[in-house]
Each structure stands twice: as structure tokens, then as C-alpha cells.
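**Q** Sharing a structure, written as C-alpha cells. Questions coming.
Nothing in this text is a laboratory measurement; each read-out follows from the coordinates by a stated rule. All of these numbers come straight from a predicted model, not from anything done at the bench. Glycine also receives a Cβ, built like all others from the backbone with ideal geometry; neighbour counts cover every protein chain displayed.
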Amino acid sequence: MRARFVHFFRLGVAGVFAMTLMFQSAKADLVTVHLLDGKSHTVELVFVNRGVLEGKVNTRSDTSIQQYVRSQIAHVDFPTTEAWRAAEAAFESGKFVEAIQLYRAVIADPATHFYPMPGNFVSLAQVRILACHRGRMKPADIAKQSQVVREQFLNLPPEFRKISPVVAAWKRISEKDWDKVIEALEGFSPPTPESFFLMGVALEALGRNEEAMQEYAGAYVLNFGGTSDLTKEALKRSAKLLIKVDNKDRAAELQAQVKIYRDLFGAGKLWEGAPEWVTKLAEAELNALETEVDGSFEKPESAMAAGGTVVDSGGGEAILPPIEERDWVLPNEVEHRFQIFGNDPVKNPPALAGGAIEEDGGIRFDGTGRVSLAGINGGANVMRLFVQFTPEESEGVVLDFNDGSAALRLNLADGELVLSLSPIRGGKKVMKLGPVPPGTLGSLSLTIRGDGEVKALLNKTPVDDKIVQGGLRLKGRSTLFIGNIKPSGKEGAEDAKSGIVPFKGLISLVTLGSGASFQEIVAAEKFALKGKTLRFFSPPPPTAPVSEEPGDAKDTAKEAVEPVQPEAGDPEPGTPAAKEE
């Protein structure tokens, strides 16, 4: 039986007073105390009030109690609750309306969720609600909630004790103070899709349509793979401005935008009220002469410093910025192509066996070998997997891991990628993700949550499903096998019966992150990639066009105006501004 701890919260009833709750539990509550000097300590929580936290270094009854004064504490990681985890799962899935209700339920239960220290869940829930309103793009709600968060500063970790310029811009949009929106975003660094979008809204309201289209382009190009509502709205606004311009020389540019809107966001249709001639333009074949117009899917030169492919006015592609100037990398730029985020890839390298040969583009399999990666946290609440491969045959195991009670397998069957899941509870689930014929590149992003939700993108095509309740949580530290499920050259009777055969071809990338939350996975990814994030579905770096005229593309890029950029470290994981981080 662990020692008691005291848990204070305040109630306003004809004055302010403190109520003390005593808790007894057979299981120790472990917390991690992060100090202002950068050190962290995980202890068994014994006592906490507004001035001090006490805890044991370990659970032995004779261990002395360590005391931490609030003035020394940056924040505390408290043990999560089921209610908090449910709210986080909804938030990370982009179900913002549902998440808001769940976070409000957390706030309404202070006896369980409020600790009088920075990092308590009641205060963090207010920050998350603000992020949800940003995801919903509701200016009035953002303005109101930002004031609520401001009042929680003392009970928040240091990184949340400021109102971001992006939030300030949303507030100014709610007031229709367009000049103040632009002023709020001046000097914002590095740029995000959200900041480009807000600048576009303000410039459009001021009648500066050409500049607005450039900002919208920065939003939808940088945000591909991010929050769909932001991309959808930026594309629609840009297309509407192009329609207003009514310049036949920009028809191909408009056509590219409306086709993307229709195919990705409109279920085959454009927005309500779109002119008939624009609908016909979206349905027509792409203009063969589109490279002769001023950019068929143009992103502003000012956004170039933040990454992405830029189409120049001559139809060629401009050079991407050097990798050291970016906060993201492409799959072929990742130093360790096979790794578990959170593990040191130098100390935990992939183990190659048999006909698995490492080459510049990844690892090539001849149909007899395999690769193993050890140290997967199989019991995590969230798993995210990135895989890129080019098969030589229409059958073969891409990867597999299991712990005897639950398993996951990706394999090719008759040229189609299949996901097989065997949850801890419930029967086997098989999902066909889509075709990857021999000789073609397959790019898969797969996320599996503890509640059984599966989200997949295969070559940008989404696949969502729900497996049996209970999810896939594996036990302990599992091993991931790539290319084959048996040791080199061995195939069991079970495999022959099921038609499972070893993979033959090139697997260029396998990364896996797992953790208690999506934010934890993103943090591990950024740490492994030296502060950068992986832009998985971006195209490979383009080459610069050779210009025979004075002032080539490189000169133009040098002369480009520096972009309006957000404050470093501002975007919160899961918000529109953070999706591409």
C-alpha cells in the first residue's frame, strides 16, 4: 500500500478555499518531475500542493522522500486517466467536436484531473480545446478560448505560457481587422500552412487578390498530408480568385486546382455554386500546353524556403532548399532507412540475413532473406508505420511482427497490399489496402490506435477501418521482421498453405514509432531525424531548369521576398499548423 498524497483544488463559493482529498491505492502513482535546470526525475507521488511536490525515488517503504519546490519545477507529467486518453485519441484523429466535449468532461472532474502544478490535465485540456477550435477554423471560438488559456498560464508548462501570433491573427480575423492580421504574422518563423492561410484571408479581404493566391498556395502545398479542412479551404479560395481573374492564360493553373479539389475533397464534385464552365474544366483532360502558362499548380516563391516542389513560369521545377535549411526531410534523405523511432539506430541497427543486401536505395531482397528490427514497444497506445517498397513479384511478405497473442502482417497477394491483424481479443481481420503491381513504388503510412482504429494512406489513397475492440496492443518488446517471416531460406507448412512467400524486390524505407500518444511519436521522430520531420508523400527533390535567358530560376529564388513566418516552436502537435512539422 503506497503512502497517501494530498490533492488540492479550488472552488469559488463566497470566497476561495482549498479542499483536500486523500487517496489510497494499492498501486503507486509515478510522476515525472521536469525541473527548470533541465533535469527530470521519476518518483512515486506522495504529496502535492500549490507550493511543493514530494515523492519517493522508488517504491521501497524505507526510501527517503524527495521534495521539489514549485519555483524549481517547469512541469510535471502526471499519470493519465481513461477520460484524458479518450479525449486525446479523438483529438489526434481530427475529431475536434467530439474531442472538445471529452476535454470538457475532464475539466468538469477536477477531483481526478486537477493537480496544483504545471502539467495538470484540467489546464492542459483548455489548451487542447483551443487547438480543436483552430482545427475547426472557428475565429470567434478561438478568440474566446485564447483568453481562457491565458488565465491558465501559471498552471501550464512554460511552452504554453504565451499566445501565439497565429492565435492572435485568428482573433483579429474574428474582429475583421485585416491590417492587424497581417501585422500579427509579420516576422512569424518558420512558416506553416496555417500562417499562409491566414495571410491569404486577410489579403483577400483587402482586395490584394494576387498576393492572396500566393499565400493560399503556400497553405495547400505545404499542408498536403496535413489537416484536410485547411487544404480544402485554401484550394477553394484560390480557385475562386482565379475564376474572378478570368484570365485564359491561367486556365491550366485553375484546372489543376479544381481537379485536386474535386478528387480529394469533393467526392467527384466541386463546391456548391461553382460555375458550370469550371465544372467542365475539372472534368476535361489536363491541358497538354499547361507548361506554357504561368504555373499549373504554383506555390509562391516566398514559400520556397519552407520546402515543397515549386513550379516555375517556364514549366520547369526549381531546386529545393538545401536540407540543412529545412525542418523536414524526404524519405530518400533519411540517414537510417530502417529504424524504430525512440531507439538509437546505431546501437539497434537492422540485422540482415540471407538474401537481404543493403544498397544505396535501401535493402534488396532476392526472395530468400529477411531483416529484423528489435525493440518495438508493442504495448503502446498508438503505432505509426511508414513503408516504401518496389516489388519485383506480385506475392511476398513486406513485414510481420507478433508476440504469440497478437500480430500484424503486411503482404502482397496477387499484386495487392494486404494488412492482416490479429488483435489480443477478437478474430483475425484482413484489410485490402490497394494495388502495388510489380515494378511500381508503394508508399504506405499506417496508424493503429489502442481502441482498434486503423488509418492508412497507400500512395495517398486513404483507407480507414475499425478492427475488433481491444486493439492490437502487443506484449513487451517485440521484433519486426521485414521481407520474410521465417529465418533465411525457410518456409513452414503454414506459410505454404496460406500462400505467404518471401518478398522479392527493394524495400527503401521502414520506420515505426509507438507511444502513449501521437505527440509522443512525433517527438521521437523529430529526435531521431535531428529536429526534422518526415514529409513522406512529397515528391523526390527536383532539379533546376537550365535557362538560356539572363536571370535563371536560381536568380529569381534569390530575389524572392522572405516569407511571413510563425514563431519557432509555436504549433502544438495535432493542430493544423503542426501537421507538416
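**Q** Sorted from fewest to most neighbouring beta carbons within 10 Å, what does the list S443, S508 look like?
**A** Lowest count first: S443, S508.
**Q** Here is a further query. Once both labels are modelled 7 Å past Cα along the beta-carbon direction, what's the D229-L206 spacing in nm?
**A** With each label placed 7 Å out from Cα toward Cβ, I get 2.6 nm.
**Q** Okay, moving on. With labels modelled as points extended 7 Å from the Cα through the Cβ direction, what inter-label distance (nm, one decimal) is found for D246 paired with V52?
**A** Placing both labels 7 Å beyond Cα along the Cβ direction yields 7.7 nm.
**Q** Please give me the summed charge of the neighbours of T81: other residues whose Cβ is under 12 Å from its Cβ, Lys and Arg +1, Asp and Glu -1.
**A** That works out to -3.
**Q** How much net charge surrounds T440 when only the other residues with a Cβ under 13 Å from the Cβ of T440 are counted, with Lys and Arg +1 and Asp and Glu -1?
**A** Neighbour charge sum, excluding T440 itself: -3.
**Q** So which of K180/K460; K176/K460; K347/K429; K176/K280; K232/K432 end up more than 31 Å apart by C-alpha?
**A** Over 31 Å apart, Cα to Cα: K180/K460; K176/K460; K347/K429; K176/K280.
**Q** Here's something else I'd like to know. Could you please rank M137, M431, M117, M199, placing first whichever residue has the fewest other Cβ atoms within 10 Å of its Cβ?
**A** Lowest count first: M431, M137, M117, M199.
**Q** Moving on. Neighbour counts of other C-beta atoms within 10 Å: give me D37, D29 arranged from fewest to most.
**A** D37, D29
**Q** Additional query: Report the full-extension gain for the segment R136 to A267: residue separation times 0.36 nm, less the Cα-Cα distance, to one decimal in nm.
**A** Result: 45.1 nm gained on full extension.
**Q** Rounded to whole Hz and in sequence order, give me ³J(HN,Hα) for the range 341-353 from the Karplus expression 6.51 cos²θ - 1.76 cosθ + 1.60, θ = phi - 60°, writing x for Gly and Pro.
**A** Rounded to whole hertz, the list is 4, x, 9, 6, x, 6, 7, 10, x, x, 9, 8, 9.
**Q** What translational diffusion coefficient, in µm²/s and rounded to a whole number, does the Stokes-Einstein relation yield for the range 82-160 at 25 °C and a viscosity of 0.890 mPa s, taking the hydrodynamic radius as the Kirkwood radius over Cα pairs?
**A** 198 µm²/s
**Q** Then there is this: Share of Cα-Cα pairs in the range 198-262 beyond 20 Å, in percent?
**A** 20 percent
**Q** In nm, to one decimal, how far is the modelled label at S71 from the one at E283, with both set 7 Å along Cα→Cβ?
**A** Modelled inter-label distance: 7.4 nm.
**Q** Here's another thing I want to ask about it. Figure the gain on full extension for E325 and I163 (residue separation times 0.36 nm, minus the Cα-Cα span) and round it to one decimal in nm.
**A** Gain on extension, E325 to I163, equals 55.7 nm.
**Q** Between D177 and A105, what is the FRET efficiency for a Förster distance of 30 Å, r being their Cβ-Cβ separation, to the nearest 0.05?
**A** 0.30
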